[in-house]
Amino acid sequence: LQTRRSLSVRGRKGLRLHDNPSLLRAIEGAERLHAVFCLDPWFIRPEAVGVNRLSFLLESLADLHSSLQARGSALLVLRGKPEEELPRVWQEWGVTRLCFEVDTEEYARTRDLRVCELAAQAGVDVSTCVSHTLYNVEQVAARNGGSPPLTYKAFEAVLAKLGPPPLPVADPPARLPPGVAGSEVIGYGVPTLAELGYPLQATTVFKGGESVALARLADQLSDKGWVAAFEKPKGDPSAFIKPATTVLSPHLKFGTLSCRLFYARLQQILLEKKQHTKPPVSLVGQLFWREFFYCAAALTPNFHRMEGSPICRQIPWDDNEEFYRAWDEARTGYPWIDAIMMQLRTQGWMHHLARHCVACFLTRGDLYVSWERGRDTFDRLLIDGDPSINSANWLWLSASAFFHQFHRVYSPITFGKKYDPHGKYIRHFLPVLKDMPDKYIYEPWTAPPAVQAAAKCIVGTDYPRPIVDHAAVSRANMVRMKDAYAAGRVASAKAVIAGAKRAP
Ligand code: FAD
């Protein structure tokens, strides 16, 4: 009898035991199981992934290793390119089957295709499962006539045809097949940040791991009234001690929480509660936004860039390095904007509306810098940084795709004030302004010199002056956006006429 040895690859996601169909597939008839995670050098670079997200990942790996150990198995962490590391170990360990979760991201698709080719050459069976999303994005597109739905309404119409998403699968058995043992395991442990070339420690308050995710899910959903009444975009973006939303996003990103489990638990609550909010504003609606954007990103060419994208408005953004740097480094001189950017830097998470404000400010609102630059900053610093969701929301906020009301701009002064008139959020994330009186906390440059001196914060010395005059630039930018939209219409009309002339 041939020994069946399965390799269950966790990639960057699916870092859990619950609702893990790939793991169940891997143990079917297997005498040995090697659960591996491959630390791909493409991601492990400080310029690509900030310390907070990497730390969240390492915590998640350590937690998964403990859970696997409790079941007689272990997590083996490979370090190197998957297309080199996996062939090495499947040869060394005599692996006959490779199981992993479908990843729809651009980089992952190319990587996985290459790994599958190598597996085929080596005679290793490959088995993949959809479990990072509620639905198979290809099936969503197929039910939409072959292309991804590009409005939430159209997406909901497809979901109505598809029916509810699959339920979570059963937990794995209490004992898993053994993997490599003894000296063979040495060198495959979860590395430290320092070992990966990250000299600093994480500063985020949010911790990674399936155990944390399940505890947070239970805690968030324990208040059933809150779940039933959840309504986004209502909620206080300045609440940082107890955030106004679930903060399950980094767990959904790394798959320490299954979106199907989250969905199923929500449905149980909504069945009990007669009155509840509905998509797009409810919590189920939030999971549908995630799904909607995954589908659009996976199946739209050049989704992550303006050039060549069939859905992105072509806008001649300014190439203003100084503006970009000031925004990125939280020194625009607008305390509400800078405080949000400081929360990003220290915690790697901000409320959805806070993200709206800084994204609008960088792009069409104030600085007129390309959404791709802001997206890259978020991608580096967010603990939930997720290519599809991130690009999609930047496309939205910059009025480049999905949303086109460019005249609706967030004020960097009055918007935050509505929620937090005393500026507690600003004082926490920008301690230099902690003694500024309430009256000036959102506009410190308007404080008389004596007030600035008493607050030990001289604007221009201790805290920057505003980088632009919001009222003036936002008006001018609306005209520029209008012109860019009009130029886009002319360009596509010309393309249609040119196409018609070429037609036989
Ligand atoms: P909740 O409100 O509790 O929602 C539950 C889950 O629904 C979230 O965890 C998330 O998975 C999903 N969700 C909620 N809102 C959205 C949305 N607008 N789009 C897609 N999925 C959503 N979210 C990310 O997960 N990764 C990103 O890289 C990311 N980048 C963003 C960039 C910008 C410019 C903006 C405006 C938003 C971005 N978001 C991103 C979406 C959203 O802000 C976060 O998902 C949300 O704030 C996470 O907090 P939460 O888990 O408490 O959300």
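Observations on the model:
- Residues (closer than 21 Å to Leu381 by Cα and of a type outside the set (Val, Ile, Thr)) located in the stretch 205-226: Phe206, Lys207, Gly208, Gly209, Ala213
- When the residues of the stretch 274-290 are filtered to those that are more than 8 Å from the ligand (Cβ to nearest atom) and part of a helix (DSSP H, G or I), the one that is surrounded by the fewest Cβ atoms within 10 Å (Cβ to Cβ) is Gly285.
- Residue list for the stretch 366-376, filter: within 12 Å of the ligand (Cβ to nearest atom) and crowded, with 23+ Cβ neighbours inside 10 Å: Trp371, Gly374, Arg375
- Residues of the stretch 313-327 that turn out to be in contact (Cβ under 8 Å) with a residue 60 or more places away in the chain, assigned to a loop (DSSP other than H, G, I, E, B) and open to solvent by 10 Å² or more (accessible area, probe 1.4 Å), as a count: 3
- Under the condition of being touching an Asp or Glu at 6+ places or on another chain (Cβ under 8 Å) and within 10 Å of the ligand (Cβ to nearest atom), the residues counted in the stretch 291-327 number 0.
- Test for Ala330: is it more than 14 Å from the ligand (Cβ to nearest atom), in a loop (DSSP other than H, G, I, E, B) and under 28 Å from Ser55 (Cα atoms): yes
- Single unsatisfied condition, Phe415 versus (1) open to solvent by less than 50 Å² (accessible area, probe 1.4 Å); (2) in contact with an Asp or Glu (Cβ under 6 Å, 6 or more places away or on another chain); (3) not β-branched (Val, Ile, Thr): (2)
Let's see how each residue does on (1) within 15 Å of the ligand (Cβ to nearest atom); (2) not in a loop (DSSP other than H, G, I, E, B):
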site	(1), (2)
Leu344	yes, yes
Met350	yes, no
Arg355	yes, yes
Trp394	yes, yes
Phe402	yes, no
Phe406	no, no
Gly416	no, yes
Val432	no, yes
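- Checking each residue in the stretch 105-138 for being within 28 Å of Asp379 (Cβ to Cβ), of a type in the set (S, T, N, Q) and over 18 Å from the mean Cα position of the chain (by Cα) picks out Thr110, Thr128, Asn136.
- Test set (1) touching a residue at least 24 places away in the same chain (Cβ under 8 Å); (2) out of contact with any Lys or Arg (no Cβ under 7 Å at 6 or more places or on another chain); (3) open to solvent by 10 Å² or more (accessible area, probe 1.4 Å) - Ala108 fails condition number: (3)
- Residue selected from the stretch 437-458 under the condition farther than 18 Å from Ser474 by Cα and in contact (Cβ under 8 Å) with a residue 40 or more places away in the chain, by the criterion most open to solvent (accessible area, probe 1.4 Å): Trp445
- Where Cys99 falls short, out of the listed (1) farther than 18 Å from Leu23 by Cβ; (2) touching a Ser or Thr at 6+ places or on another chain (Cβ under 6 Å): (1)
The values are calculated or read from the model by the stated rules, or taken from the named source; none is laboratory data. All figures in this text were calculated on a predicted structure; none of them were measured in a lab. Cβ coordinates were reconstructed from backbone atoms using ideal geometry, including for glycine residues, and neighbour counts include every protein chain displayed. Ligands, DNA and RNA are excluded from the accessible area calculation, which covers all protein heavy atoms including side chains. Shrake-Rupley method; radii C 1.70, N 1.55, O 1.52, S 1.80 Å.
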